[in-house]
Structures are given as C-alpha cells and as structure tokens.
1. Arrange the peptides 108-114, 122-128, 132-138, 51-57 so that the one whose residues have, on average, the most other Cβ atoms within 10 Å appears first.
2. What percent does the relative contact order of region 2-233 come to when contacts are Cα pairs within less than 8 Å and at least six residues apart?
3. Taking the alpha-carbon centroid of each part, what is the distance from region 90-146 to region 165-209 in angstrom?
4. What ranking do 207-217, 145-155 get when scored by the average of other Cβ atoms within 10 Å per residue, highest first?
5. So what's the angle, to the nearest 10 degrees on a 0 to 90 scale, between helix 118-137 and the longest Cα principal axis of the chain?
6. With each label point set 7 Å from Cα along the Cα-Cβ vector, what nm distance links residue 216 and residue 150?
7. Once the Cα gyration tensor of the chain is diagonalised, what are the square roots of 5 times its eigenvalues, in whole Å and ordered largest first, as equivalent ellipsoid semi-axes?
C-alpha cells in the first residue's frame, strides 16, 4: 500500500507541476519560443520518463506491483486442489470499455473543435493518472458500479489502467504522447491475450494467488476502515 501512496503523491505532483507550467504558458503565449517553452518541454520529458518506466515495469513480474496486475504471469499461478474457472462478467467489462471510449470521444471532439488544446488533453491524462490511484486507495466506480468485483486483486480490467489514462493522448500527435499511448496499448493487448489463453489465472476460484490469505496489500481492510471512519465522522 505504501507504493500506491507514493505513486499518488508523485502523480499529483506531476499534475500540479504541468498545470502550473500550462497556466504560465497560456498567460505568456507571445513568449512561447522562450524560456517557458523550454520549461514546458522539460516537464513533458519528466512525465514521459516517469510513466514509461512505470509501464516497462508492468511488462515483467515484480514485487513492486499489485497482485491485481501480477496475476497475469504464470509464476504467480497457484492451482487449487479443486479448480473451478469463473470468468468475470464480460457485460460489465464491455460497458466500461464503451463508456470510457465515449467519454474520450467527447474530449477528442472538443480538441478537434479547438475548444481544448494539447495542454488540456495532457492535463486530462495526468488527472486520470491521479484518479487511477484514488480508485485503488479510496473508491473505485468501476468496481462499485460496473464490475462488482471483490477487490483490486480480482479486477478483470486492472491492466487497462494505462490505456485508460492515456486515451486522450491519441489526439495529440507528438512523440511524447503517442509513444505513451501505444505503449499502453501494448500492455492492454498483452493482458487481454493472457486472459484469453489463461483465464484460470484471473479467478480466485482457480488461482489461490488471488485468495485473501495470500494477499500482500490488504487494501480491502484499509478501505473498510476508511469508509467506517468517514461514516462515523458524518
């Protein structure tokens, strides 16, 4: 859980940093070829490095990542004595996909209509990155309203996170944005291929790695305590 809190902190910091740079740039557009443009490029480079490293880490088994993303790897598969594959609800999965695409089509239309500019689209992607950690640590609308899964560990779409974050970047045609977007698609494609060929790795009933007894994060307990604390305060 500590790693999730650290990621929330630096992702929020990156969002606020780029927001400050964007506001400054918009206030001094006549100087966009000067120092503010170079600063903007440096900040974009930092954002690119941070998220590209995160995505490269997701390609390999690691202790730093959540069991929710690591269940795709064969070394984390623990077969129970009496396995029973239970495929997650595909209707909920498809509803999430269509809803997310629809939302980003709206953003894309606003961008193409010149209501949003490139900076706004990057800010939206950075905001999505912060919201991703909020979903893990505090409240996940996809879990509650769409998928009804038990926890992050059993989440059917856990590794959709980067593709969802960087969907707005599809409309921003720069090396920074497109490389992040297409790398996120590689992660998504790999996840879906593993799910297709090895569905047994994604269900608690067929993979004891996802059981509560083997959980190393205990996010469910943390969320319950947090919600109980907030309810008592109200």
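1. On the way: 108-114: 12.9, 122-128: 20.9, 132-138: 18.0, 51-57: 15.6.
Going from most to least packed, we get 122-128, 132-138, 51-57, 108-114.
2. On the way: 224 pairs, mean separation 68.8, N = 232.
Relative contact order, region 2-233: 30 percent.
3. Cα centroid of region 90-146 versus Cα centroid of region 165-209: 15 Å apart.
4. Values: 207-217: 15.7, 145-155: 19.2.
Descending mean neighbour count gives 145-155, 207-217.
5. 30 degrees
6. Result: 1.9 nm between the two label points.
7. Details: eigenvalues 240, 76, 58 Å².
Equivalent ellipsoid of the chain: 35, 20, 17 Å, largest first.
Only the coordinates and a few stated rules stand behind these numbers; no lab work does. On a predicted model such as this, the values are computed, not experimentally measured, just so you know. Quick reminder, even Gly has a Cβ in these numbers, built from the backbone with ideal geometry, and neighbours come from all protein chains shown.
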